[in-house]
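The structure appears below as structure tokens.
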Amino acid sequence: MLPNFHRLKYLEFSEIIQQLHAKAVKDNLDVALLRQKIGELQQLFRQQILPLPEEDVESTYVSRVRSIRTEISKQMRLLEMDMMFLAGARQSSTTQTRLLGICDRLQTLIQYCHAILQTPRSESEGEGGSQR
């Protein structure tokens, strides 16, 4: 089962990705602002998601959570590369293509967050967390 503390962190992460996705699909997007927000998302991921201890997750779900977290890590690295390519784009058509790639990547991250949030809740959170 997924502890409520983990669930809250993934919910926060997912909400920020959704907000970022909404900004990325706007017509008059500020690339510098998008770069800043993606940097903040990267920092949140490194500081709030990666350190979540697997020991808190029920053993039957550790493999699932680990697998999804690995995919999220991969998508976050690719998002960073997408952002670098966007920053280097000189033509409008290239910029649009790069933005579409970023939007797709953000959508994939949202789907992974939803998948991890579908892991059943821990019932023992009120007792100080899971002790598995």
Using the eigenvalues of the Cα gyration tensor, what equivalent ellipsoid semi-axes result for the chain when each is taken as the square root of five times the eigenvalue, whole Å, largest first?
33, 13, 11
For the chain, averaging the sequence separation of alpha carbon pairs under 8 Å that lie six or more residues apart and dividing by its residue count, the contact order in percent is 48
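Bear in mind that the values in this text are calculations on the coordinates, not laboratory data. None of these values were measured; they are calculated from a predicted model.
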